[in-house]
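Notes follow once the structure below has been shown.
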Amino acid sequence: MNLHEYQGKEILASFGVRIQRGIVAQNAKEAVEAAKQLTAETGTGWHVIKAQVHAGGRGKGGGVKLAKNLKEVEEIANQIIGMNLITPQTSAEGKKVHQVLVAEDVYYPGESETSEFYMSVVLNRATGKNMIMYSTEGGMDIEEVAESTPHLIFTEEIDPATGLLGFQARKIAFNLGLSGTAFKEMTKFVASLYKAYVESDSNMFEINPVLKTSDDLIMAVDAKVSIDDNALYRRKKYADMRDLREENAIEVEAREVGLNYVDLDGNVGCMVNGAGLAMATMDLIKMAGGEPANFLDVGGTADAKRVEEAFRIILKDPNVKAILINIFGGIVRCDRVAQGIVDAYKNMGDSIKVPIIVRLQGTNAELAKEIIDNSGLAVQSAVQFQEAADKVKAVLA
Ligand code: GDP
Ligand code: MN
């Protein structure tokens, strides 16, 4: 589950990570009040107004702007709230901005230069360890840095059994070219960032930029955080941070009825039981010349009600040109699934306008095929995997 910048920063601060302070605002009036409050707390008269949407590259799209007085705060907030923000990470239509973060300006001039770094903590699945990635090339597109100057990206692997060791934090601060106060600040920053990542059950904490201020403080100016969905049951506080407005509407609906659904770009809808079989089915669709429109695992209980819910969800995607149902009858008997499909189809009347191919394999598969074939409905059945693939190919042709 992805979070907004302001939520990510809230978590960081709760673990003692220094952050660029800010207050979230839903409209221009609130933005002005927020700016006043920040001025009272921090003394700064300048503020940055930052669009809160689940996408990076906001600065490039005009979603991050500096305001030098309260009048500009109001103007910029008015401009950004309600806009359709288009960034390199959104679709071409962009994302609607519902709220902004009014933050203290932290790029003030002073004794030394400011510098921007990149830092993220992620899981390295290949080694089974956590990994801190960092670079002196902060503030810009890290994918671009990875492409053109990969030697400027460092990684530090952390064994989850020992946690981050003191020398590792010092090595990172050293590699970033820091000394004195900034060096000490960075070792503290790294340690508390790592703690935040582990103790919030996150998949990712990406801070770009990490800023060294002109008075040698190290702080998070941006925060991209993703919490592990499977841990949300024990992280109620973070689960409550979910912003449904930022999520795919069909996926939200699927989650409400307990279906494991991921929306994809293709044209063949899939209804499968078991994540592994779902992956194999998506491969099969690709091999048949189609593209999967979704990933959908209906789980172990593929009864009529569930099949109907799955049909409804799949059909919400206007790109779906055919549906492939691939169910293995292990715990659930194929004939019962077949009956479920037939009942669901009849219940839904004429809302199903695309061809449906059903492959049922396992207990009572032959009986299931008979039920489908004798139903009089426009449903084609297959017993073998290849047969199903050929039928998908034929309806797409
Ligand atoms: P992103 O574009 O979505 O990654 O949003 P960021 O939060 O990273 O902000 C984009 C850029 O805005 C940063 O790289 C900074 O250069 C700039 N920025 C952020 N905060 C401040 C600030 O307090 N003052 C000034 N002058 N610039 C800022
Ligand atoms: Mn950023």
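What the table shows:
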{"quantity": "Hits in region 154-192 (condition: out of contact with any helix residue (DSSP H, G or I) (no Cβ under 7 Å at 6 or more places or on another chain), closer than 19 Å to GLN20 by Cα and hydrophobic (A, V, I, L, M, F, W, C))", "calculated": "ALA182, PHE189"}
{"quantity": "Tally of residues being more than 23 Å from the chain's Cα centre (by Cα) and either within 16 Å of ligand 2 (Cβ to nearest atom) or within 14 Å of ALA223 (Cβ to Cβ) (or both) across region 23-48", "calculated": "1"}
{"quantity": "Whichever residue in region 233-280 is part of a loop (DSSP other than H, G, I, E, B) and either in contact with a Lys or Arg (Cβ under 6 Å, 6 or more places away or on another chain) or closer than 15 Å to ALA293 by Cβ (or both) and, among such residues, is most open to solvent (accessible area, probe 1.4 Å)", "calculated": "ASP265"}
{"quantity": "Considering residues of region 191-225 that are open to solvent by 10 Å² or more (accessible area, probe 1.4 Å), in a strand (DSSP E or B) and more than 14 Å from ligand 1 (Cβ to nearest atom) only, the residue nearest to ARG170 (Cα to Cα)", "calculated": "MET204"}
{"quantity": "Members of region 115-134 found to be surrounded by fewer than 19 Cβ atoms within 10 Å (Cβ to Cβ) and touching a strand residue (DSSP E or B) at 6+ places or on another chain (Cβ under 9 Å), listed by number", "calculated": "GLU116, VAL122, LEU123, ASN124, THR127, LYS129, MET131, MET133"}
{"quantity": "Candidate set: region 2-52, residues that are among the acidic types (Asp, Glu) and within 27 Å of ILE86 (Cα to Cα); chosen: the one surrounded by the most Cβ atoms within 10 Å (Cβ to Cβ)", "calculated": "GLU5"}
{"quantity": "Residues of region 53-72 satisfying the condition of being in contact with a helix residue (DSSP H, G or I) (Cβ under 6 Å, 6 or more places away or on another chain) and open to solvent by 20 Å² or more (accessible area, probe 1.4 Å)", "calculated": "HIS54, LYS65, LEU70"}
{"quantity": "Residues located in region 352-384, provided they are open to solvent by 60 Å² or more (accessible area, probe 1.4 Å) and in a helix (DSSP H, G or I)", "calculated": "GLU366, LEU367, GLU370, ASP373"}
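The values are calculated or read from the model by the stated rules, or taken from the named source; none is laboratory data. Not measured: the values here are computed from a predicted model. As a convention, Cβ positions derive from the backbone with ideal geometry for all residues, glycine included, and neighbour counts pool all protein chains shown. Quick note on the areas: whole protein, heavy atoms, side chains included, nothing else; ligands and nucleic acids left out. Shrake-Rupley method; radii C 1.70, N 1.55, O 1.52, S 1.80 Å.
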